[in-house]
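Input: a single structure, listed below in structure tokens.
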Amino acid sequence: MDFSVYQNRLSQLSARFNLMVFLVFGLLVSNLLLCTLAWYTSVHQRTLVTPFEGGTGFVHSDSTVDPRYLSLMSENFIYSRLNVTPETVTAQHARLLMFVDGSQYGSMQSKLLKEADVIQKNKISSDFIITDMQLEPRALKANVIGILNRHVGSRELNTSRRIYELTYRYRFGRLSIVSFSLKKEYEHA
């Protein structure tokens, strides 16, 4: 009699233990599933941003670049570097440097310092008029085509048509400049 009671309790304990193992395993699987889902939604979350000027909006996410966003940022970077006067060149280039990738920061900073020095010494003002922009969102590249007008005081220097190539890195929702170079230049008629 004592043995059957002992065996009955042992089978109850075994059943409870099996239930506990099943519950713990189920909770572990559900936690892993929830963590994966939370990570996926945080990386692929998309937000539609509409600019103040009322133009078309762009989609902002942590993993992909919207062509409209790439276009707006390329335009900002071009204007920050090329639409300058001797008084504004330092502030414009400092603003541009905030978006330069860390691996290219030193070389870009020295290049911009040389440009600013030439602009301030010779009292050159310039403005760039964008005529076309060719975007490659998957490759994170933009070719910006336009006309560069330069002046020394009221005297106009040669106007040139230029193509600038901007290459980017996009990590965790932040666009940073990897290269900003003059691809082609020719005199404008």
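Apart from one condition, GLY55 fits all of (1) open to solvent by less than 60 Å² (accessible area, probe 1.4 Å); (2) at pLDDT below 75; (3) in contact with a strand residue (DSSP E or B) (Cβ under 8 Å, 6 or more places away or on another chain); the exception is (3). Take the residues of segment 85-100 that are open to solvent by 70 Å² or more (accessible area, probe 1.4 Å) and in a helix (DSSP H, G or I): which is nearest to SER179 (Cα to Cα)? Within segment 85-100, the match that is nearest to SER179 (Cα to Cα) is ARG95.
When the residues of segment 72-84 are filtered to those that are free of Cβ contacts under 8 Å to residues at least 24 places away in the same chain and over 17 Å from GLN109 (Cα atoms), the one that is most open to solvent (accessible area, probe 1.4 Å) is ASN76.
Does SER103 meet the test of being part of a strand (DSSP E or B) and not basic (Lys, Arg)?
Here the answer is no, as SER103 does not meet what is asked.
Of the strands (runs of 3 or more DSSP E) lying entirely inside segment 134-189, those carrying at least 1 residues that are open to solvent by 50 Å² or more (accessible area, probe 1.4 Å) and of a type in the set (Phe, Trp, Tyr) are 174-187.
The values are calculated or read from the model by the stated rules, or taken from the named source; none is laboratory data. Here the structure is a predicted model, which means the values were calculated and not measured. Virtual Cβ from ideal backbone geometry, glycine too; neighbours counted across all protein chains shown. For accessibility, only protein heavy atoms count, side chains too; no ligands or nucleic acids. Shrake-Rupley method; radii C 1.70, N 1.55, O 1.52, S 1.80 Å.
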